[in-house]
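Data block below; observations after.
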Amino acid sequence: MPETPRYGAESADEAGPSPVDEQQAAGHDGFADRDAPDGRAGNGQRPDLDESRPPVSPTGALRIQAFRRLWGNNIAFFMTQNAIRFVFGWYVLDGLQRGEREQGLVVFALGIPSVFLVLQAGAWADRLDPRRLLIATQAATLSILALTATLIAVDQAPLPTMLVLAALAGAATTIGQPVRAALIPALAGRENLFGAIALNALGMTMSMILGPVLAQAFGNAFGFDGAVWFLVALLVVGLIIVWPLRVPPRDEPPGPGRSIMADTIEAVGHVARDPALRVLFGLLTLSGLTISPLVMVTLQAFVKEELGRNSGDAAPLLAAMGFGIAVSSVVVMRKGDMANKGAAFQRAMMVGTTMVFLMGRTTEYWQLFPLTLGMGLAGGFYINMNQGLIQANTPQALMGRVMGLFTLVQVGLMPIGALALGLIASAIGIGLTMSVTAGLAFAAVIATYVSSPELRRLR
């Protein structure tokens, strides 16, 4: 039986040792120094950041076959994930002729499983076979969406049924998210990390642009069930891409006597002990409760209720935002490992909150396009910086659990925020809710920018 290759070493077109092999040969487990609990050397700098090394190609991760398979699968997954939220909201608003409150309930059902499952999913990502976990969760999502499409086609998908289906789909996608994030540094290696994260952000961008737009096109042509069948087809393609992926056993799996709770506490402790990571996760929590639901959920209702358009017209706005993310992600990818990434992350949040504040003040549909584009340009830096900072400052042995925490604050909190914002919007109006919430978030980011030099300097 042939020996199982190391992470990233299965590409026939890649010469020499993989970045991961180089790290392991240098005595590093993942990206953190074993001699320092926070993964830093005695001088406060990352031990594997050697600026004297020759520059690495921004797309070097694509030379690694295993990463290419993961990236291709992630594109199909992200397209589905972004389009699920859009399609379910579209069906509730226009198919069932319900309002923003019911739309918020469905989005809440999609995301609430993250609150209860994502920390366990992070522990599973560090314990179980990553390939099997990816395939199992994607197959489960496929089955749930196939059932959803069938029920819509036979007119047996009222609001209560959609809430149940949304919760099931949310649970399946939640369990598969931490392992996707944890595999990026494991397959790409430290030298290719920020290029790999930028490539992953480009994949997310493609999904943001193409997912809702193509789902809307299939829905217009074949009905709401046709839009859902399109998502099923995407997941089938993703399964075909990831099926040959080979991932070796971990060098240091969690001990057999450890509980998932103990594993989770270890990851929380890693974040809590680092002042910069602690503030970073605080800002991510703020974003998950406010800005993310405002853009991904409330904006769709704003387009219908206050601008008098079809709720499906939010799809081109998401495409404009995705285009902006693509542009800034390419910039990040070309620059490579930048200094003061924490400051860049905070500045991106300042721009994003400003764009959302202005969205709430618009009176014409066309006015939203430059604002969503600006949101996307800032979003590329936001996405690349926060994920890069977390993954570069987390040991590989903790990566799944820490990325589970990341998924919790970015995805799991969004439905809670969407539901709360929907209730507020029903009382004071959608536009005013968007502007007031974004203004408060902007103030919070300014406060941390002034008070947390550790995050500003984090790289």
Divide the volume of the convex hull of the Cα atoms of region 138-287 by its number of residues and quote the answer in cubic angstrom per residue. 176
Burial-style ranking of 279-288, 158-167, average other-beta-carbon count within 10 Å with highest first, yields 279-288, 158-167
HN-Hα J couplings of region 415-424 from phi, Karplus 6.51/-1.76/1.60, θ = phi - 60°, integer Hz, Gly and Pro as x? x, 5, x, 5, 5, 5, 5, x, 5, 5
Could you please state, rounded to a whole Å, how far the C-alpha centre of region 260-281 is from the C-alpha centre of region 102-149? 23
Scaled radius of gyration (Cα, divided by 2.2 N^0.38 Å) that region 275-394 gives: 1.11
Compare the peptides 182-191, 143-152 by average per-residue count of other Cβ atoms within 10 angstrom and give them in order, highest first. 182-191, 143-152
Given an 8 Å cut-off on Cα distances and at least 6 residues of separation, report the relative contact order of region 356-459 as a percent. 47
By the gyration tensor of its Cα atoms, with a ≥ b ≥ c the square roots of the eigenvalues, what is the shape of region 398-459: rounded for a/c under 1.5, prolate for a/b over b/c, or oblate? oblate
Sorted largest first, the Cα spans of region 314-459 on the principal axes come out in Å as 46, 30, 30
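Here, each number is a calculation from the coordinates, and none is a lab measurement. All figures in this text were calculated on a predicted structure; none of them were measured in a lab. Heads up, the Cβs are rebuilt from the backbone with ideal geometry, glycines too, and the neighbour counts pull from every protein chain shown.
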